[in-house]
1. Scan the range 27-45 and report the pairs whose first residue is closer than 19 Å to CYS17 by Cα and whose second residue is part of a helix (DSSP H, G or I) and β-branched (Val, Ile, Thr), with Cβ atoms within less than 7 Å and a gap of 6+ or a chain change.
2. Could you tell me how many of the residues in the range 159-187 are among the charged types (D, E, K, R) and at pLDDT 95 or above?
3. Can you tell me which of ARG225, ARG237 is basic (Lys, Arg), at pLDDT 90 or above and surrounded by fewer than 18 Cβ atoms within 10 Å (Cβ to Cβ)?
4. So, of the residues in the range 284-311 that are surrounded by 13 or more Cβ atoms within 10 Å (Cβ to Cβ) and of a type in the set (D, E, K, R), which turns out to be farthest from LEU10 (Cα to Cα)?
5. For the condition under 27 Å from ASP301 (Cα atoms) and aliphatic (A, V, I, L, M), what is the one hit in ALA38, ALA45?
6. Any residue in the range 75-82 that is of a type in the set (Val, Ile, Thr), touching a residue at least 40 places away in the same chain (Cβ under 8 Å), closer than 26 Å to GLY114 by Cα and surrounded by 17 or more Cβ atoms within 10 Å (Cβ to Cβ)?
7. Looking at (1) in a helix (DSSP H, G or I); (2) modelled with pLDDT of 90 or more, which one does GLU249 not meet, given that it meets all the others?
8. For GLY114, indicate whether it is more than 17 Å from GLY164 (Cα to Cα) and small (Gly, Ala, Ser).
Amino acid sequence: MDNKDFNEELNKRAEYCGEVVKRFLPEKEGYASRVCEAMEYSVLAGGKRLRPVLMLETYNLFCREEDSASLEALEHFMAAIEMIHTYSLVHDDLPAMDNDEYRRGKLTTWKRYGEGMGVLAGDGLLNLAFETIAGALNKAYNPLKIELTGRCIRAAGILSEKAGYLGMIGGQCADLEAEGRETPADIDELLYIHEHKTACLIEAALMVGGILGGAGADEIEKLERIGSNVGLAFQIRDDILDVTGNSKELGKNVGSDAANGKATYVSINGLEASDKEVQRLSEEAEKLLETFPGEKGFIRDLIASLILRTK
């Protein structure tokens, strides 16, 4: 698939995922209307919907026949993972964290609605994510759909763990702690941060899609490994671009990590070793992907676009 065709297909899937997420957003009414407005503003501020797209594509790899019940459950989880991702960005932007005023060319949520409402918008999205998952469980709970119910329960457990203190929040904690020290993180701590802060939600997207599509235990384990490789390679690539990238193309200043004395994979291991590690992780992810059934052209291109991007 050439670059133009790939981008067109990605945009189609992203648009579909965006419509799915919108369906689960609350009405802006009553005394809670302001926080609902801030939640909607955050979710609809842009982005490629990469996590729900990955979830959808993985589901399609394993779902052997059309199944409206499992697809409906999947859409609940697609919305939920995008809400979780968005809440993490809303909180990352707060003054107590990264203190960012703009994201994707728009005012960040706290800057648009105030710091307190920014906190509540993130809280609201996290809670709404699990309300949305509960909706999937309620619809799947039926003696005639006992297998789907079990899949939803497994998927909910995985997404909860990958988003929590054993996953993304744990990575954010380690990152925050490292920023508050005089000595930068070493390689073990840095890999922990990358694995948990970034890779865990990618792992969750792949694993949940696989579970709801009917993947077996060995396949779910492989999906987790692919997600780990993709997440780590994505972050190492980010470190490389901070040294070699073009500010205009990236849409942000390069060299900021070095200027701030922040440890990166490049600062610890050098550019050549970093490039080799990205290649190794990419090749391993592709080999694992090739062991699965079905058409893999788009998801293979999507993973490559994340790992080998130039911006």
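The values are calculated or read from the model by the stated rules, or taken from the named source; none is laboratory data. Fair warning: this is a prediction, and the values are worked out from it, not measured in the lab. Cβ: placed from backbone, ideal geometry, glycine included. Neighbour counts: every protein chain shown.
1. From residues that are closer than 19 Å to CYS17 by Cα, the pairs are TYR41/THR109; SER42/THR86; SER42/VAL90; SER42/THR109; VAL43/VAL21; VAL43/THR86.
2. Of the residues in that region, 2 qualify.
3. Every option except ARG225 fails the conditions.
4. Applying the filter and picking the extreme gives GLU284.
5. Answer to the check: ALA45.
6. The answer is yes; a qualifying residue exists.
7. (2)
8. yes
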